[in-house]
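Worksheet: one structure, shown below.
The values are calculated or read from the model by the stated rules, or taken from the named source; none is laboratory data. Note that this is a predicted model, so its numbers are computed, not measured. As a convention, Cβ positions derive from the backbone with ideal geometry for all residues, glycine included, and neighbour counts pool all protein chains shown. Accessible surface is based on the protein model in full, side chains and every heavy atom, while ligands, DNA and RNA are left aside. Shrake-Rupley method; radii C 1.70, N 1.55, O 1.52, S 1.80 Å.
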Amino acid sequence: MRHVSEKPAADDKVAVVIVAAGRGARAGQANGPKQYQQIGGGAVIARTLDAFLTHPKIGPVVVAIHAEDGALFRRAAGANADRVVAVIGGTSRQESVRLGLLALRSHAPGRVLIHDAARPFVDAELIDRTIAAIEERQGALPALPVADTLKRETAEGMSGETVSRAGLHAAQTPQGFPFWPILAAHEKAHQLGKADFTDDAAIAEWAHIPVKIVPGSPDNVKLTWARDIAMADQRLSSASRFPDIRTGNGYDVHAFEPGDHVTLCGVAIPHDRKLSGHSDADVGLHALTDALLATCGAGDIGTHFPPSDPQWKGAASRIFVEHAAKLVRERGGRIANADITLVCEAPRVGPHREAMTETLSAMLRISRDRISIKATTNEKLGFVGREEGIAAIATASVVFPGDVPE
Ligand code: MG
């Protein structure tokens with residue numbers, strides 16, 4: 001923090017007063033004033049400061065803080081504490097704004113934005129819109145049309161009447177003003193003991209400074225209650241999380257031997273030979289089994305179904321895939337998709353693709369659009385090209401609960 005007088009003379013940059021002296025009783029004092037509470041790993045006020053200090057049109061920034069919050073403010077603002085001027089605020093928001101404006105006098109800024117520290121989601125576009133609407137004798141107020149139907153409550157707690165919402169707006173901050181007129185208005189209100197203005201646009205209206213309404217932002221909410229802080233924290237935390245999505249691949253080959261059909265992706269296809277193997281030698285399903293096991297580090301198909309074990313002789317490979325899918329689910333995983341490529345010169349896979357997709361959809365218990373079966377020849381090259389066997393490659397993606405740890 002430094003004194004305003006150390007700053008160079010004013011340029012066309014826009015000055016800012018951030019009001020942060022409130023006690024935030026509504027947000028629950030147990031955790032301290034709301035502007036210093038943590039959202040998304042940083043203090044509310046730290047985000048607010050960032051929004052202004054990173055904006056190219058912003059010049060000097062004054063923050064009105066509570067007399068007891070000096071250390072709290074420096075800790076929350078971090079390195080930004082040296083880029084702003086902290087002044088002790090008053091007992092009301094209005095008084096804190098006035099003291100903040102007074103601290104800017106030596107800068108003689110042409111324009112000033114006045115903002116609540118508890119609106120950390122103010123964005124550059126909103127700041128731009130507000131600044132653009134400030135004129136020599138005109139203020140600017142971001143606001144949103146009231147969407148809810150308005151009711152006036154009777155003394156008996158009944159809905160007395162429906163109030164027309166036509167033309168009604170909910171005011172936000174930052175509110176922007178020509179500097180000297182808004183300072184004069186605040187000084188005049190102070191001298192007259194008028195202390196019941198709830199925002200600066202109200203003071204401007206009272207002082208006959210016209211205020212232009214510009215579109216506010218639905219994101220630019222004021223954090224008022226403890227639940228607002230919790231929701232803001234959740235919103236920021238979910239934006240920065242790394243969902244635990246894992247991908248596994250598998251590869252398998254089986255050689256041909258005399259026979260009359262092959263089993264590929266669970267479908268028996270008539271052919272002049274069969275695939276040799278301990279089970280039904282379904283290369284597609286074997287590759288897929290490995291891909292699924294890979295997503296949870298559960299070894300490979302041989303770990304779970306040793307070829308030496310006679311019980312798997314002639315077994316339908318569906319058993320292997322279903323076992324791998326069960327292991328995935330037991331770890332909380334949800335299979336997002338499976339993709340299998342069969343590499344062979346013959347038989348033709350195309351006519352059986354639908355049946356294979358159907359079979360895999362039932363086997364993995366996922367929808368058909370999450371399954372892909374592709375086939376390619378090997379252009380007569382290598383062992384596949386010489387029709388000595390069939391190869392398969394599989395990829396599976398699984399979403400696991402929680403986030404990827406740092
Ligand atoms: Mg195999």
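Please give the length that would be gained between ARG23 and ALA362 if that part of the chain were fully extended, namely 0.36 nm times their separation in residues minus their C-alpha to C-alpha distance (nm, one decimal).
Here the segment from ARG23 to ALA362 would lengthen by 116.1 nm.
Using just the C-alpha positions of the chain as equal point scatterers, what log10 of I(q)/I(0) does the Debye formula give at each q in 0.09 1/Å?
The calculated log intensity ratios at q = 0.09 Å⁻¹ are -0.68.
For GLU136 and ARG370, what does the FRET efficiency come to when R0 = 45 Å and r is the distance between their Cβ atoms, rounded to the nearest 0.05?
E between GLU136 and ARG370, to the nearest 0.05, is 0.15.
Count the net charge of all other residues whose Cβ sits under 13 Å from the Cβ of LEU364, scoring Lys and Arg as +1 and Asp and Glu as -1.
For residues surrounding LEU364, the net value is +3.
Please report the antiparallel percentage of the DSSP beta bridges confined to segment 256-406, to the nearest 5.
If I count the DSSP bridges inside segment 256-406, around 75 percent turn out antiparallel.
Less than 13 Å Cβ to Cβ from ALA21, Lys/Arg counted +1 and Asp/Glu -1: what total charge do the surrounding residues give?
Details: positive: ARG23, LYS34, ARG93, ARG98; negative: GLU68, ASP69, GLU95, ASP116.
After counting each charged neighbour, the total is 0.
In what sequence, highest mean first, do 371-380, 302-311, 121-130 appear when ranked by Cβ atoms within 10 angstrom?
121-130, 371-380, 302-311
Ignoring any ligand, DNA or RNA, what whole percent of the accessible area of segment 180-283 comes from carbon and sulfur when the probe is 1.4 angstrom?
That fraction is 56 percent.
Per 0.36 nm of contour for each residue apart, how much would the distance between ALA195 and ASP260 grow if the chain were fully extended, relative to their Cα-Cα spacing?
Roughly 13.9 nm would be gained on extension.
Which of these, GLY314, GLY284, GLY40, has the largest mean-square fluctuation under a Gaussian network model of the chain (Cα springs below 10 Å)?
Sorting by GNM fluctuation, first place goes to GLY314.
Between 0 and 90 degrees, rounded to the nearest ten: what's the tilt of helix 318-330 against the longest Cα principal axis of the chain?
Compared with the principal axis, the helix lies near 20 degrees.
Grab the beta carbon distance between GLU205 and ALA355, set R0 = 56 Å, and tell me the FRET efficiency rounded to 0.05.
The formula returns an efficiency of 0.15 here.
Taking only Cα atoms, what is the 0 to 90° angle, nearest 10, from helix 283-294's long axis to the longest principal axis of the chain?
40 degrees
Tell me, what is the per residue accessible area of the chain in Å², probe radius 1.4 Å?
On the way: 20000 Å² over 406 residues.
Result: 49 Å² per residue.
Helix 226-239 versus the longest principal axis of the chain: what is the Cα-based angle in degrees, 0 to 90, to the nearest 10?
40 degrees
Counting Lys +1, Arg +1, Asp -1, Glu -1, what net charge surrounds ILE335 among other residues with beta carbon under 9 Å of its beta carbon?
Combined, the nearby Lys, Arg, Asp and Glu give +4.
How much length is gained if the chain between LYS326 and GLU156 is pulled fully straight, taking 0.36 nm per residue apart and subtracting their Cα-Cα distance, in nm to one decimal?
Contour length minus Cα-Cα distance gives 55.2 nm.
Which of LEU381, LEU364, LEU223 moves the most in a Gaussian network model of the chain with Cα springs under 10 Å?
LEU381
Using a Gaussian network for the chain with springs between C-alpha atoms less than 10 Å apart, which of these wobbles most: VAL343, VAL221, VAL44?
With Cα springs under 10 Å in the chain, the top fluctuation among VAL343, VAL221, VAL44 is at VAL343.
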